[in-house]
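Can you read through this structure? Questions will come right after.
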């Protein structure tokens with residue numbers, strides 16, 4: 001599979017997955033893209049289970065597999081529904097590891113990733129000033145430690 005897309009023939013639809021750690025701007029970019037393109041959109045954070053939300057609210061990092069993989073499967077199902085309906089879409093998802101990105105695009109030729117990046121101090125400032133979000137700034141380090149940066153399969 002290519003890191004650029006689903007690795008299959010281009011589909012009839014396009015799904016843009018805005019990826020990156022907390023505070024990288026995924027939600028802000030999603031709102032602008034979805035509005036400008038008039039595409040359905042979804043905030044990946046809203047797909048977390050109540051248990052995951054409670055863990056994060058309490059400053060407990062999600063486990064790599066037990067917590068994140070079921071969440072990714074639900075997001076992948078949402079993407080599949082858009083594809084079946086012939087809709088383009090924009091969705092946010094941290095997609096911190098290549099394995100997670102592979103799960104999102106497996107069987108979904110519409111998926112393309114955009115990795116949003118900002119410096120640690122900018123990320124911390126953005127997360128600190130957010131209101132009404134369960135993700136505390138204390139978890140930023142665990143996300144940065146988990147992140148496998150976006151690298152093309154065949155860099156030039």
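The values are calculated or read from the model by the stated rules, or taken from the named source; none is laboratory data. From a predicted model like this one, the values you see are computed outputs, not experimental measurements. Because the Cβ atoms are built from the backbone with ideal geometry, glycine has one as well, and the counts that use them run over all protein chains shown.
Quick one: which of 112, 71 is touching a helix residue (DSSP H, G or I) at 6+ places or on another chain (Cβ under 7 Å), farther than 19 Å from residue 145 by Cα and in contact (Cβ under 8 Å) with a residue 24 or more places away in the chain?
71
One residue is enough: does the range 60-68 have a residue meeting the conditions assigned to a helix (DSSP H, G or I) and closer than 22 Å to residue 20 by Cβ?
Within the range 60-68, one or more residues are assigned to a helix (DSSP H, G or I) and closer than 22 Å to residue 20 by Cβ.
Just one of the numbered conditions (1) out of contact with any helix residue (DSSP H, G or I) (no Cβ under 8 Å at 6 or more places or on another chain); (2) outside any loop (DSSP other than H, G, I, E, B); (3) within 17 Å of residue 146 (Cα to Cα) is not true of residue 52; which one?
Looking at each condition in turn, residue 52 falls short on (1).
I would also like to ask the following. Can you run down the residue pairs with Cβ atoms below 7 Å, 6 or more apart or on separate chains, where the first is in the range 135-148 and at negative phi and in a helix (DSSP H, G or I) and the partner is at pLDDT below 85 and surrounded by fewer than 13 Cβ atoms within 10 Å (Cβ to Cβ)?
137/128; 138/59; 139/59
Let me ask something else. Restricting the search to the range 31-51, which residues are out of contact with any strand residue (DSSP E or B) (no Cβ under 6 Å at 6 or more places or on another chain) and either surrounded by fewer than 18 Cβ atoms within 10 Å (Cβ to Cβ) or farther than 13 Å from residue 93 by Cβ (or both)?
Residues satisfying the conditions are 31, 32, 35, 36, 37, 38, 46, 49, 50, 51.
Hey, another quick one. Checking residue 122 against (1) touching a residue at least 60 places away in the same chain (Cβ under 8 Å); (2) surrounded by 14 or more Cβ atoms within 10 Å (Cβ to Cβ); (3) under 24 Å from residue 31 (Cα atoms): exactly one of these is not met. Which one?
The failed condition is (2).
Let me ask something else. Within the range 68-103, which residues are surrounded by fewer than 18 Cβ atoms within 10 Å (Cβ to Cβ) and over 19 Å from residue 114 (Cα atoms)?
Correct list: 69, 70, 73, 74, 77, 81, 84, 85, 86.
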